[in-house]
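Written below as structure tokens is the structure these notes are about.
The values are calculated or read from the model by the stated rules, or taken from the named source; none is laboratory data. Being a predicted model, the structure only gives us computed values, none of them experimental. Cβ placement follows ideal geometry from the backbone for every residue including glycine, while neighbour counts extend to all protein chains displayed.
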């Protein structure tokens, strides 16, 4: 309430009280009313200050809220930047992996070439493998089944046959190629 309105009310009450002859009681009531009006005035002032403070705080919050929000354009730009950075990192990682694989393949190639060279040298020192066979061996003989641990020369010794005759009769070009369970013709005689 405006202050002048309250003063007018107090003044009217005072006049009414004087006119009716109740001066002492009216003075007491006027004093009480003045005290009530003073308290009300103080309270209205406090409320006014509180409203002003709340208004300032509200304005500050609105200003701060406006600063904290990003636009859709800013968000899209940030996502695009992050995507470009990830693509670049993936490309770098892919390049590193391919370099490691290339290095491993090169090392394996060198090892393979070394192994092939060693095999080629070993083949060069091996005796020539017989690829033609003669029919000049006894046509009578026995069948022999190869067992574990047998070698062609060992079978020749066991049976008393010539190694060359066993090779020619069974067309064996490589003595190491006999296998367990294989049946060989062992020529006898001559």
*Got a sec? Which of 122, 168 is under 59 Å from the mean Cα position of the chain (by Cα) and part of a helix (DSSP H, G or I)?*
122
*Within the range 130-142, track down each residue that is part of a loop (DSSP other than H, G, I, E, B) and surrounded by 18 or more Cβ atoms within 10 Å (Cβ to Cβ).*
137
_Close pairs from the range 109-131: first modelled with pLDDT under 70, partner loosely packed, with under 10 Cβ neighbours inside 10 Å, Cβ under 8 Å, at least 6 apart_ = none
*Going through the range 143-165 one residue at a time, which ones are part of a loop (DSSP other than H, G, I, E, B) and touching a residue at least 12 places away in the same chain (Cβ under 8 Å)?*
146, 147, 148, 150, 151, 160, 161, 162
